[in-house]
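The values are calculated or read from the model by the stated rules, or taken from the named source; none is laboratory data. Given the structure is predicted, the values throughout are model-derived calculations rather than measurements. Cβ atoms come from the backbone with ideal geometry, glycine included; neighbour counts cover every protein chain shown.
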Amino acid sequence: MMNLDLEELSAWHGTGGDRSSVLDRVSIALASGALGAVLGPSGSGKTTLLRTIAGLHRDASGVIRLGGHRLDGLPPERRQVGLVPQDGALFPHLTVAENIDFGLPRTERRGRRTADMLALLGLTPFAKRLPHELSGGQAQRVAVARALAPAPRLVLLDEPFSALDATLRAEVADGVRAALDETRTTALLVTHDQGEALSVATQLVVLAEGRVRQTGIPSEVYAMPADLWTGRFIGDANVLDGESDGAVTLTPLGALPHDLGVPGPVSVLVRPEQLRLTATAHTSARVGASGLARLTRYFGHDGLTEIALDSGEVVLARLGPDAFPAPGARVAVTVDGAVRVFPRHHQSYPPER
């Protein structure tokens, strides 16, 4: 069992008076065989976290355990950790097969293991090609194959798909996840791409300013953010002021039930896909709110429509391509499903994404 456990991991950059904190008591538990994704804005410490686990960043404190054994006192070459850097870092003068061979002991090179890795990542037809003869997606798969070849106990991936276009990114990510599943390798991926983190990972870690804001399965983190910062950072969100009696909050979208249990001023997080629109000629007492449709941002599979509520707030509704109201159309707005409510004094905002 190759569980990864980080306990109170801190790290610093710089020396003397210029020394600054990058990671602040980070604790993460990643199950054996899981694919964890660390998601956070630029400068949150994601890459430093990977480098510290790999032993490449040594100005750190805390405990790193893999399979119950401590790594934090070991040099990088003894940690049995594979690292896939952002640019792949292939050797330009070596073929695909030779790049994969490179991480293996000399006695195992050009043997069954290399052939297995080529087949696993769909690279067998490209075994004799040089890196400049590969597409971006093929090159990243070679980097993953090279990291997996020595059968590491853990693989770390530093934004490995960021240089690929959207369609290729999803295809390569699916292939890499399948390879990790096939080899039952525990892996930790860092990314600033929310769609990638939500769709690929089995466990999500939200990191900001060097601290863990929340960890859990992606669907839970999205649906039940631990705080307003996380709710605003992950996905699109409508955040409205409200006044709660402990069970129901009065908002510009009407009276919304919740389970916060604390009366007083609150911030209410409503996802755009929770809003339901119906055409209306006037405000009705039976609906939560009404307003005018404004512009729609079209994404193909769906879109986000701005609604200017009669109360003055502007909210976003996620709609299918056949449901967009015409600009200027009057609509009634209701909320479907549970909303998240936070005491207003806990409000905080994420850095720009």
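Answer yes or no as to whether R78 is at pLDDT below 95, surrounded by fewer than 20 Cβ atoms within 10 Å (Cβ to Cβ), in the same structural domain as E196 (by TED's automatic domain parsing) and under 25 Å from V176 (Cα atoms). Answer is yes for this residue. Looking only at residues in the stretch 313-337 that are part of a loop (DSSP other than H, G, I, E, B) and in contact (Cβ under 8 Å) with a residue 60 or more places away in the chain, the one that is surrounded by the most Cβ atoms within 10 Å (Cβ to Cβ) is E313. The stretch 157-240 holds helices (runs of 4 or more DSSP H) entirely within its bounds, and those carrying 3 or more residues that are more than 14 Å from the chain's Cα centre (by Cα) map to 166-183. Tell me yes or no: at least one residue of the stretch 247-255 is of a type in the set (G, A, S), without any contact (Cβ under 8 Å) to a residue 60 or more places away in the chain and either closer than 17 Å to S290 by Cα or not in a loop (DSSP other than H, G, I, E, B) (or both). Yes, the stretch 247-255 has at least one match.
Condition check for D245 on (1) buried (at least 17 other Cβ atoms within 10 Å of the Cβ); (2) not assigned by TED's automatic domain parsing to the domain that holds L66: one failure, at (1). Determine whether the stretch 51-70 contains at least one residue that is outside any strand (DSSP E or B), touching a strand residue (DSSP E or B) at 6+ places or on another chain (Cβ under 7 Å), surrounded by fewer than 20 Cβ atoms within 10 Å (Cβ to Cβ) and of a type in the set (G, A, S). Yes.
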